[in-house]
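Input: a single structure, listed below in structure tokens.
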Amino acid sequence: MSGAPLLEVRDLSVSFRTQDGTVHAVDGVSFTVNRGEVLGIVGESGSGKSVTAMTLMRLILDQNAVFSGEVLFQGRDLMQLSQGDMLQVRGKQISMIFQDPMTSLNPVYRVGWQIDEQLRAHEGLSAKQARRRTLELLGAVGIPNPEARIDDYPHQFSGGMRQRVMIAMGLSCNPDVLIADEPTTALDVTIQAQILELIGNLQREFDSAVVLITHDLGVVAEVADRVAVMYAGRIVEYAEVGELFRGPQHPYTWGLLGSISRLDRPRQRRLAAISGQPPSLISLPAGCSFRPRCPFAFDRCRAERPALEARSGPGHLDACLLSADQKQARRAATPEAS
Amino acid sequence: MLTFVIRRMIATVFVVFTITVLVFLIFFHTPGVDPARKLAGRNPSPDTIKAIKHQYGLDRPLPVQYLILMKKLFISRDLTSYSNQGQKVVPEIVAATPVTLSLVLGAAVIWVVVSILMGVAAAVLRGTIFDPMLMVLALIGISMPVFWLGEMANLITQDRYHDTFLFSWVPPLGYTPLTQDPVMWFKHLVIPWLVLSVLYIGLYARVLRADLLETENEDYVRTARAKGLSERRVLLRHTLRTSMISFVSLFGLDFGVLVGGGALLVEVVFALPGVGLLTYQSLISLDLPVIMATVIYGAIFIVIANAVVDVGYAWLDPRVRPA
């Protein structure tokens, strides 16, 4: 992977003006995605991960939204493109699959037609060529007997099969980046595993970069190469996936990891939960956003907003003011956070 | 699909049967309503009433009376009016139907086209001053009673401004069949069309706007955008297409009601000899056979329209299509 990254997000902020005040949904987020890489973005509901994804596609049309920052893709800043120019990027170079496959396909059109529509919009294929390509795609995403299913309507498919259709659609124009926004959240656990495996296989086959958005650390562990943990609109930790699970640096990440039930540890009395609620995005606490919920907070956390930087080693960024040694000591003292 | 259509037709027959029974009971056997007394003229002797009852079969048991009426209505088709003995009811309705159809079809074309344009424009222009302006306009259209609007139109085009260049082409009230003189047919109908469509333009524009804005939030519209489709294509092929499902079902019902005699007020105001005017006249003179026939005619049209809507609905929305 030489040269510039395929997709680089620099200091992206998105806020929404509402009657109650300005909602800072995404606040200074930066990350990069390289070709052939899976970046996982993890966070709870309202942490800004979906807004980030929608912003990369310039799909937020709310007139009250205010954007700043850059999204560099192949040398162009997508934030500066007109909506007309974005049409060439969307679905062709960057495509997206969504959380709920039950509602993400148009109920009144045949699934084949819906994939054809995207192919014809970007590739200039004839109806016949588009149909042949659609058949190939449906086969590639593991829909049995595509010839028979291509003219079915979405309601005739199960949730997992619909998500396969969405993936086929997402990959139809060989995108450079595939953004998957909680692609497995609405699915059964067994189907989740199949869909993740499928995304992984296709990503290697098509050599696309994938941005995988999820609230499920298990999903991240399975497919991601690098992980960004988001909290209250900011990235609080950013590391290679093995590194994140071996040596998590941010107390929020410890909380997340501690709240997973594990079979390889002695059984705990209860699963640990992070106390408190995520802060209101309208009035974020001064300093570190996680401070009100952090058991290790100290005076500096109130005054200073921690920057995302390498504190424990190269390539492992975190936004916590504790030094690496202090973190290690604190973590060792709290068994459920390990 | 075929069995679906057949099932609908059988249901239609049942509904029409039930309506005929109900109408028969209401108009012929409501206490205090005595068709024989009505027929016998002023101060009849009991003997006259008895003779008339016998003549019209009104002294026979109820089911027999019903069957006689239905036979006269559907099989021999020689049911005659009470107030005008020579007048056969069925041919009269047959003659009035094209007038009503001309009126309603023309108005329907206008209201569908205009309300789609208005609804889409309002939805697209949301956030600008034009959206509330269009919707207030629609509300004004809904709020104006059709008989008042019709009379106002007549006042302007037939009376006050008739001699100006604007309305000198407007013919006197009445009707000319399409087959006889298409231009005259059009001139007679164009103002009734507009008057009748105003209410529906308002209603449909508002319904469609609300539906479009609701559909706009659907996940599949977001998917359509994410596919890189143009705004125009997203609007026409995805948002509008799915919003048409409720639009069309609403349209089918309103269309059925209007063809079934619901355009009565417009027909009366513009002296169009359609089914509505026929109903109006028969109601004034309590001409039971004609009332009976027009109500059944109306019921049949409404039920047919319902069936057509159901089939059309299945055509528009694959989810309700029988497997």
For this session: Considering each of A:Gly84, A:Gly170 in turn, give the residue that is facing chain B (nearest Cβ under 9 Å) and without any contact (Cβ under 8 Å) to a residue 24 or more places away in the chain.
Result: A:Gly84
Exercise. Does the range B:55-64 contain at least one residue that is within 24 Å of the chain's Cα centre (by Cα) and part of a helix (DSSP H, G or I)?
Worked result: no
Exercise. Only one residue in A:Ala310, A:Ala273, A:Ala324 is out of contact with any helix residue (DSSP H, G or I) (no Cβ under 6 Å at 6 or more places or on another chain) and modelled with pLDDT of 85 or more. Which one?
Worked result: A:Ala310
Exercise. On the given criteria, is B:Arg321 within 14 Å of chain A (Cβ to nearest Cβ) and either surrounded by 23 or more Cβ atoms within 10 Å (Cβ to Cβ) or without any contact (Cβ under 8 Å) to a residue 40 or more places away in the chain (or both)?
Worked result: no
Problem set entry | Residue ID - modelled with the lowest pLDDT, chosen from residues in the range A:174-209 that are surrounded by fewer than 16 Cβ atoms within 10 Å (Cβ to Cβ) and of a type in the set (A, V, I, L, M) | A:Val189
For this session: Pairs only if they're at least six apart or on different chains, beta carbon under 7 angstrom, first in the range B:75-99 and within 16 Å of B:Ser282 (Cα to Cα), second among the small types (Gly, Ala, Ser) and at pLDDT 90 or above; list them, first residue then second.
Result: B:Ala96/B:Gly274
Exercise. Tell me, which helices (runs of 4 or more DSSP H) wholly within the range B:187-288 include 3 or more residues that are within 25 Å of B:Ile304 (Cα to Cα) and within 14 Å of another protein chain (Cβ to nearest Cβ)?
Worked result: B:241-257
Exercise. With respect to A:Ser126, is the statement that it is modelled with pLDDT of 90 or more and of a type in the set (S, T, N, Q) true?
Worked result: no
Exercise. Only one of (1) touching a Phe, Trp or Tyr at 6+ places or on another chain (Cβ under 9 Å); (2) small (Gly, Ala, Ser); (3) surrounded by 24 or more Cβ atoms within 10 Å (Cβ to Cβ) fails for B:Ala263. Which number is that?
Worked result: (1)
Exercise. Which of the following residues is within 14 Å of chain B (Cβ to nearest Cβ), free of Cβ contacts under 8 Å to residues at least 40 places away in the same chain and either more than 13 Å from A:Val165 (Cβ to Cβ) or surrounded by fewer than 20 Cβ atoms within 10 Å (Cβ to Cβ) (or both): A:Gly139, A:Gly124?
Worked result: A:Gly124
For this session: For the range B:268-292, name all the residues that are among the aromatic types (Phe, Trp, Tyr) and touching a Phe, Trp or Tyr at 6+ places or on another chain (Cβ under 9 Å).
Result: B:Phe270
For this session: Would you check if there is a residue in the range A:232-244 being surrounded by fewer than 17 Cβ atoms within 10 Å (Cβ to Cβ) and part of a strand (DSSP E or B)?
Result: yes
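The values are calculated or read from the model by the stated rules, or taken from the named source; none is laboratory data. Every value quoted in this text rests on a predicted model; they were computed, and no experiment measured them. Neighbour counts run over all protein chains shown; Cβ positions are idealised from the backbone, glycine included.
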